[in-house]
Amino acid sequence: MSNDARTDGGTVTEAGPGASAGLLSGLDAYRVLLYLGLLGMLSFFLIPIESGLVTSFKTASGVSGSLPFAPPTGGTFTFEKWRAAFDALGRGLINSALYAIPATVISALLGSFTAYGLTQSNWKQKYKAPVLALLVAGVFIPYQAVLVPLSQFWSMIPLQEWLGFLWALGINNDYASVIELIITHVAYGLPICTVLFRSYYKNMSDEMIEAARLDGASIRRIYRRIVLPLSGPMFAVVLIYQFTQIWNDLLFTLVLVQTESSAAAPIVLILAGLGTSLEGQDFALRMAGAFIAALPTLAVYIAFGEEFAEGVAT
Amino acid sequence: MTRNTDTGDDSGDAVTDGGVAEDGQRSGFSPVAALNERFGSDFVESSQFWLPPFLLVGLFVYGAIIWNLLISLTDFTGFGTPDYSDLDLQMYSRALADSGFVDAAINTFILLVGFTLVTLALGLGLAILIDRNIRFENTFRTIYLLPMSLSFVVTAQFWAWMFNFNNGVINIVITSLGLGRVDWIGNPDIVLWAVMFALMWQFAGYAMVVFLAGLRAIPNEHYEAAKVDGASTVRMYWRVIIPQLKGSTISASVVLMVFALKAFDFLYSLVGGYRPPNGADILATKMVREAYANLNWAYASAVAITLFVMTLGIVGPYLYYQYNRGNL
């Protein structure tokens, strides 16, 4: 890849240094080529998104009659697909938030606890190592390997009975799956949260903690007074990463909620079946739906891109 | 012999610590002191932080995998509960005789290797471009990483449209170059490569971020030295810089391979159902289809164990490597 780019660079440098030097003095041909490469990649990453965006505003005749990346013109412009997609997905937005937000907060907090208990406390490395190894390995587990037991487990737990008081309040009993999704996402999100916090706590200065220890502060007190207040930046990273992961996940919703006709169906589950029917595919509707489902994570990404990059790089 | 001395030293330290704490508080035998003496002075007190989450992970991850292994040894199908009295390897021999399983295993392997290689290559190229002291670095980086923040369900919608036979961007570009249209999703020989391309689009930004961190960690002198030696830019990267990215390459590869094993969400959403396009069935999709569409629970569990063993083959050596370097 990089080789190709450089070779191209060489040829063009010989072909037209004069032209570019005249137009953009201070920029040599190599820099021009560099930026052309960067812009080329920019369009590679943006075209699928751009094509989806313009298509979502087209009528059926606009979709089949115009170029997929051309904006809708006059008669083929419509908000209809966005309205239809919002009607179908609106309840999914709320349902997704109902489990994604609590699961994100709980898994980040527990991840911080776990990393603290395994990093800044004195017990033998020999015994800590296997506990850590099991947690780190948990990051890489393919969830297919736990799906059948997971279904069995949740079918054995009488959640419907325990939550009887909620149904008595008039809440649809499909919402039991929200509780299942929260606990499941916390359990499977904990390993990555722990790993992220541990990488942060390992590099934290020991001085204050040592001083507090000499003063006889308990482990719990040290966490509350010193470690937790210093964990702010890492909480930002973990919360953003976890929220994106949980919001975007389809597999657990498919297994635990099962059908998009459930009152508690999350947005990804509804979107996965949107716009496909026996008569053919409604791509404008699918694109509009994709954008509505992506909006929360896109907003988080645009606002906190740095933290997101840090989360994925660790 | 050496090992004995080591343990002796360790426990000696711990006894001293534990002893001090104990003397101040109580006399006589206490299970807390005994545990602390065995595992280290903070063991019991710190366990309130790490033990409950660890038990939760233990139950949901490791408990579930063992349970899954047990189910794969039964004949559990349909509704009801598995019968654990008669365990055998029948489901595994059934898998080996099932051509659908063998195809899915081969496809998984092709996707794993192909996707990882092309994504690493593109990610490395992007990282080098970004690292050339450019302006608007943050903007470029943010946009390259953008697809990574999207759900597989969302990107599958975009790529279903990109690969559309009549109106998709890819076929429009190809026909404008004078070539014939290609049925990217419908042709079983091509669909896996199309999926690979779409996944590369989604994850190249991730590889870029990892490589960029690796590039930034290389001291400037290495670039300078190569320049002084008169090496060309290509030679400099090939001979001096890229060999130093071994660590980044290994960790990015492992994470990418795990993403490829999880490509289920993408394939499910591409068609909106359990049956992926012909030629794109992988173990992850086959497992979920056998379990939740066909209710062949035991067989699906056997497929899942195969997938798990594949993952273990990749992740096991990686974790061992990290452990030996003290990174755990």
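Using only the C-alpha atoms, the convex hull of the protein assembly as shown corresponds to 220 Å³ per residue. Across segment A:231-312, the relative contact order, built from alpha-carbon pairs under 8 Å that are at least six residues apart, equals 39 percent. Rounded to the nearest 500, the helix-only mean residue ellipticity at 222 nm of chain A stands at -23500 deg cm²/dmol, with each DSSP H run of n ≥ 4 adding -39,500 (n - 2.57).
Measuring nothing but how far apart in sequence close Cα pairs (under 8 Å, 6+ apart) lie, relative to its length, chain B scores a relative contact order of 23 percent. Between B:Gly40, B:Gly180, B:Gly247, where does the largest GNM mean-square fluctuation fall for chain B, given springs only between Cα atoms within less than 10 Å? Taking springs between Cα atoms under 10 Å, the residue moving most is B:Gly40. In this Cβ point-charge picture (+1 for Lys and Arg, -1 for Asp and Glu), segment A:180-297 has a dipole of about 560 debye about its Cα centre.
The local environment of B:Gly247, defined by Cβ-Cβ distances under 15 Å, has a net charge of +3 under the rule Lys, Arg +1 and Asp, Glu -1. Span-like helix criteria (full DSSP H runs; alpha carbon extent of at least 15 Å along the helix axis; mean Kyte-Doolittle hydropathy of at least 0.0) are satisfied in chain A by A:29-56, A:80-119, A:125-139, A:144-156, A:176-202, A:232-248, A:283-303. Residue exposure proxy: B:Thr249, B:Thr139, A:Thr55, A:Thr184, ordered by other Cβ atoms within 10 angstrom of their Cβ from fewest to most, comes out as B:Thr139, B:Thr249, A:Thr184, A:Thr55.
Calculated mean residue ellipticity, 222 nm, chain B: -21500 deg cm²/dmol, from DSSP H runs (n ≥ 4) at -39500 (n - 2.57) each, averaged per residue and rounded to 500.
Only one residue of B:Phe165, B:Val191, A:Val178 has its Cα farthest out toward the positive end of the dipole of the protein assembly as shown, where Lys and Arg carry +1 and Asp and Glu -1 on Cβ, and that residue is B:Phe165. With Cα atoms defining each centre, segment B:278-292 and segment A:130-200 are spaced 23 Å apart in the structure. Peptide B:281-288 has a mean of 3 when you count, residue by residue, the C-beta atoms of other protein chains within 10 Å of its C-beta. For segment B:246-328, the average shadow cast by the Cα convex hull is 6.5 nm², which is a quarter of the hull's surface.
Note on chain B: GNM, Cα springs under 10 Å; of B:Ala160, B:Ala97, B:Ala34, the largest mean-square fluctuation is that of B:Ala34. About its Cα centre, the dipole of the protein assembly as shown is roughly 860 debye, where the only charges are +1 on Lys and Arg Cβ and -1 on Asp and Glu Cβ. Within the listed set B:Gly186, B:Gly178, B:Gly273, the Gaussian network model of chain B (springs between alpha-carbon atoms below 10 Å) gives the highest mean-square fluctuation for B:Gly178.
Spatially close Lys pairs in the protein assembly as shown, defined by Cα atoms under 26 Å apart and a spacing of eight or more places or different chains, total 8.
Qualifying trypsin sites (Lys or Arg not before Pro) in segment B:226-328, where qualification requires a DSSP coil assignment and no more than 12 other C-beta atoms within 10 Å, comprise B:Arg325. Quarter the surface of the alpha carbon convex hull of chain A and you get the mean projected area, 26.1 square nanometres. Express the relative contact order of segment A:142-262 as a whole percentage, based on alpha carbon pairs under 8 Å and six or more residues apart in sequence. Relative contact order, segment A:142-262: 38 percent.
Taken over segment B:81-235, the percentage of Cα pairs per 10 Å bin, counting from 0 up to the bin with the maximum distance, is 9, 24, 26, 20, 14, 6, 2, 0. Amide H contacts for A:Lys58 (H built 1.01 Å from N in the peptide plane; partners 5 or more residues away or on another chain; cut-off under 5 Å): A:Thr78. Here segment B:99-324 is treated with +1 on each Lys and Arg Cβ and -1 on each Asp and Glu Cβ, and its dipole about the Cα centre works out to around 280 debye. Helices assigned as whole DSSP H runs in chain B whose Cα atoms extend at least 27 Å along their own long axis and whose mean Kyte-Doolittle hydropathy is 1.0 or higher are found at B:99-130, B:191-216.
Coordinate-derived values only; no laboratory data. Everything numeric here is computed off the predicted structure, so don't read it as measured data. Cβ atoms come from the backbone with ideal geometry, glycine included; neighbour counts cover every protein chain shown.
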